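Novice: The structure under discussion is supplied below as structure tokens; questions concerning it will follow.
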Amino acid sequence: MKWHIISRIGEADTYEPALEGSEDYPLLLHFSGGAADTRVRESAVSAIEERYEATLSGRAHDFLYASMSAYIADLCVPRQSATDRWSRSFVLHLPVFDSDRWLQAAPNLCDALRFLTGDEWEIRTRDRAGDTPVPRRCENEDRPRTVSLLSGGVDSLVGAIDLLDKGIPVAFVSHHGGGLTPKFQNDTYTALRAQYGDVYSENQFFVVGPQIDDHGESSMRSRSVLFLGLGIAVATVLGDDVPLFVPENGLISLNIPLTRTRSGSSSTRTTHPHFIQGIRSVLEALSIPNRIEMPYRHMTKGEMLSGVADKQVLESVMSQTMSCSHPEVARWSGNTPGTHCGYCVPCLIRRAAVHAAGLEHCDALYTCDVRVNRPTEIRARDLRAFEIALCREALGRVPSFLRVLESGPLPAEEVGAFAGVFERGMGEVSAFLEREA
């Protein structure tokens, strides 16, 4: 089974590829036009150009629409439709302004997406109708000099505080598709504004595609490619030398499989260094000079919290951030919607980091304290996985420099640093779980 994702831009775009066989299925995504059941709703392009009084370049357009198309394809096509109930096969049909550059960029993006989602990807480009837009940069002297992703989590809060404390003008970029995510982003923005005033710009975007028979895919492996596409789009209108910061701790970025059943794409790779390098290669092929930087890649979450530039601001805002994988679950337990579950991998790592940094007095609320009431059945699977992994590390049968390669390739010169992050990060989890509540 192969899904042909047909992206159209504008009412005049009527492109229809010839399908190759009975196992080929079309999914039409219509940007800026189309019928209600094929229309993609997004707020990015017009919002960026209006906010910064600028015009996106053709290359920035191409990369942004490619990232949006990949993200929506991932969300619209359930993994249950695949033969093995996991790995799907996609063909992205993309209209682009610069077909020549996509001859190299397309294979690079396919490789990055394959690593990210565990699916097979192919990209077929065609010339986009209309004149290539003439890029126009933001000319405001007070324009941001850095773009940083702000998800509503505690890592991105630390990144925001560190940048704002240095007095660096920042453009924050957030994405939401609904649910409770906008609330946590808005709460974080409100708290930062109260501390720092209007010294930064907020960019909250939504990208929502059609669903197939009211069923979508919840694994959301591709969300980071959309985040990067949005962030790079903002950076391009601010200047070639404006970098995109991805504030994520090293333990989460590596996401080493805790057990053998979590190997490969069963573990998320949203900010894994190999994926980030793959996107850098796409930008290079497209001659987009803006850098992607990961300043905390060699730090644990606890080290990020301990080393934050202004701990007082962190303490006042941290409880309003969200790290949980499924914050909606609280309502089914009779708790306030948006309360951390306490038993998923991100919750366990967050609580361990908060404990290591001595910040438990100002942390968010958790539905379950795994040290007091062990979750049962499926809710205990992440805790069990950590316990198995910690026992495995205690035995020392596999050196850390080999363990960190289990989730994907790493730059040879950074393997030692990543091994150290893994050891220290698992040490934080061990210390938290062994501590008596």
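Novice: Can you list which of the trypsin sites (Lys or Arg not before Pro) found in the stretch 368-404 are DSSP loop residues with at most 10 other C-beta atoms within 10 Å?
Specialist: Arg397
Novice: Here's another thing I want to ask about it. Give the angle, between 0 and 90 degrees and rounded to the nearest 10, that separates the Cα long axis of helix 99-117 from the longest principal axis of the Cα atoms of the chain.
Specialist: 30
Novice: Of all DSSP beta bridges in the chain, what percent run antiparallel (nearest 5)?
Specialist: 10
Novice: Continuing with the same structure: So for each of 88-97, 423-432, 140-149 I average, over its residues, the number of other beta carbons within 10 Å; can you give me the resulting order with the highest mean first?
Specialist: The peptides rank, most packed first, as 88-97, 423-432, 140-149.
Novice: Still on this structure, please answer the following. Long-range amide H contacts for Ile292: which residues qualify at under 5 Å (H placed 1.01 Å from N, peptide plane, sequence gap of 5 or more or a different chain)?
Specialist: Under 5 Å from the amide H of Ile292: Leu244.
Novice: Taking the Cβ of Asn186 as the center, what net charge do the other residues with Cβ under 13 Å away carry, scoring Lys and Arg +1 and Asp and Glu -1?
Specialist: 0
Novice: To the nearest 10 degrees, how steeply does helix 58-76 sit against the main Cα axis of the chain, on a 0 to 90 scale?
Specialist: It is inclined by approximately 60 degrees.
Novice: Take the alpha-carbon positions of the stretch 146-293, form their convex hull, and give its projected area averaged over all directions (one quarter of the hull surface) in nm².
Specialist: Mean shadow area of the hull around the Cα atoms is 10.2 nm².
Novice: Also, quick follow-up: Report the gain in length on full extension from Arg41 to Asp369: 0.36 nm times residue separation, minus Cα-Cα distance, nm rounded to one decimal.
Specialist: Stretched out fully, the Arg41 to Asp369 stretch lengthens by 114.2 nm.
Novice: With the chain treated as a Gaussian network of Cα nodes joined by springs under 10 Å, which of Gly34, Gly239, Gly21 yields the largest mean-square fluctuation?
Specialist: Gly21
Novice: In addition: When only DSSP loop residues count, what GluC sites (Glu not before Pro) in the stretch 7-81 have their Cβ near at most 16 other Cβ atoms within 10 Å?
Specialist: Filter output for the stretch 7-81: Glu11, Glu20, Glu23, Glu53.
Novice: Also: Mind listing the long-range amide H neighbours of Trp121? Cut-off is under 5 Å, sequence gap 5 or more, other chains count too, H placed in the peptide plane at 1.01 Å from N.
Specialist: Phe90
Novice: Whose amide H sits under 5 Å from the amide H of Tyr15, counting only residues 5 or more places off or on another chain, with H placed in the peptide plane?
Specialist: For Tyr15, whose amide H was placed from the backbone, there are no distant partners under 5 Å.
Novice: Taking the Cβ-Cβ separation of Leu103 and Ile378 as r and a Förster radius of 45 Å, what is the calculated FRET efficiency to the nearest 0.05?
Specialist: 0.45
Computed from the coordinates by the stated procedures, all read-outs in this text should not be read as laboratory data. All of these numbers come straight from a predicted model, not from anything done at the bench. Note: ideal-geometry Cβ built from the backbone for every residue, glycine included; neighbour counts use all protein chains shown.
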